[in-house]
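Following: one structure in structure tokens, then a few remarks.
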Amino acid sequence: MNTKKHLILVGFMGTGKTTVGKKLSKQMEIPWVDLDQWFEEQQKMTIDEYFTTYGEDSFRQKESQLLCKALEPSHSPTVVTTGGGIVLRSINQTQMKEAGWVYQLTASPSEIIRRVKQDPHRPLLKGNPETRVKQLLKEREGMYDFADWMIDTTDRTIDEIVQEILTHW
Ligand code: S3P
């Protein structure tokens with residue numbers, strides 16, 4: 001049985017997943033689940049605080065559990081926005097591909113660095129965000145390529161990105 005029905009956004013930090021997903025859900029009039037926001041609501045603390053208190057492994061475990069819940073086949077079609085590290089577990093990639101149409105958002109490294117510098121609360125970018133972004137982009141090279149579509153967000157407005165996604169939907 002083909003259960004592919006959700007619209008899932010993946011991509012590196014700072015590629016606009018949350019902003020685009022929120023707008024998409026409004027335009028499509030379907031629900032939206034943001035895994036990072038859901039995580040913070042559930043844990044009653046920020047991801048940054050969670051990393052400091054419990055560590056990354058624990059975060060990844062809980063993040064994967066939330067992904068499973070968000071993608072349940074019984075749910076009506078939903079826009080699901082993910083954290084940049086959701087692809088680190090290959091089982092997550094398989095589940096996303098089975099449960100929905102996956103859109104990878106990308107941006108140039110310099111644009112990613114510009115955007116993430118505006119939000120200093122990402123635990124993996126502590127220290128020197130520029131160096132960390134470059135390191136992580138290298139480590140994650142190819143990990144988002146399982147997506148059905150790739151959308152470059154550099155120098156484009158949110159509306160343009162949303163329209164492009166909808167042409168494939
Ligand atoms: C992470 C990305 C973050 C958040 C956490 C870890 C990552 O989400 O899930 O800080 O490993 O790339 P965004 O991609 O929304 O910044």
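Quick notes on this structure:
- The overall shape of the range 4-150 is prolate: from the C-alpha gyration tensor, with semi-axes ordered a ≥ b ≥ c, the ratio a/c is 1.5 or greater and a/b exceeds b/c.
- Close amide-amide hydrogen proximity is noted between Lys5 and Gly100, Trp101, each under 5 Å apart and 5 or more residues distant or on a separate chain (H modeled in the peptide plane; Pro and chain starts excluded).
- The range 7-54 - Debye-derived log10 I(q)/I(0), Cα point model, q = 0.19, 0.21, 0.28, 0.29 Å⁻¹: -0.70, -0.80, -1.04, -1.07
- The range 49-169 - percent relative contact order, Cα under 8 Å, separation 6 or more: 27
- Karplus (6.51, -1.76, 1.60) ³J(HN,Hα), θ = phi - 60°, over the range 116-121, in Hz, Gly and Pro reported as x: 5, 5, 6, 10, x, 9
- Positive-end extreme of charge dipole, the range 1-46 - chosen from Leu35, Leu7, Thr46 (charges on Cβ): Leu7
- Comparing Glu130, Glu56, Glu41 in a Gaussian network model of the chain, where Cα atoms under 10 Å apart are tied by springs, the biggest mean-square fluctuation is seen for Glu41.
- Amide H contacts of Met150 (H built 1.01 Å from N, in plane; Pro and chain starts excluded): Gln104 sit under 5 Å, all sequence-distant by 5 or more or on other chains.
- Of all accessible heavy-atom area on the range 1-63, the percent that carbon and sulfur account for (1.4 Å): 49
- In the context of the full set of protein chains, the range 31-128 has a per residue accessible area of 51 Å² (1.4 Å probe).
- Across Lys4/Lys134; Lys17/Lys44; Lys4/Lys126; Lys23/Lys62, pairs whose alpha-carbon gap is larger than 30 Å: Lys4/Lys134; Lys4/Lys126
The values are calculated or read from the model by the stated rules, or taken from the named source; none is laboratory data. What you are looking at is a predicted structure, and each value in this text was computed from that prediction instead of being measured. Don't worry about glycine lacking a Cβ; one is built from the backbone with ideal geometry, like all the others, and counts go over all protein chains shown. Surface accessibility is based on the protein's heavy atoms, side chains included, excluding ligands, DNA and RNA. Shrake-Rupley method; radii C 1.70, N 1.55, O 1.52, S 1.80 Å.
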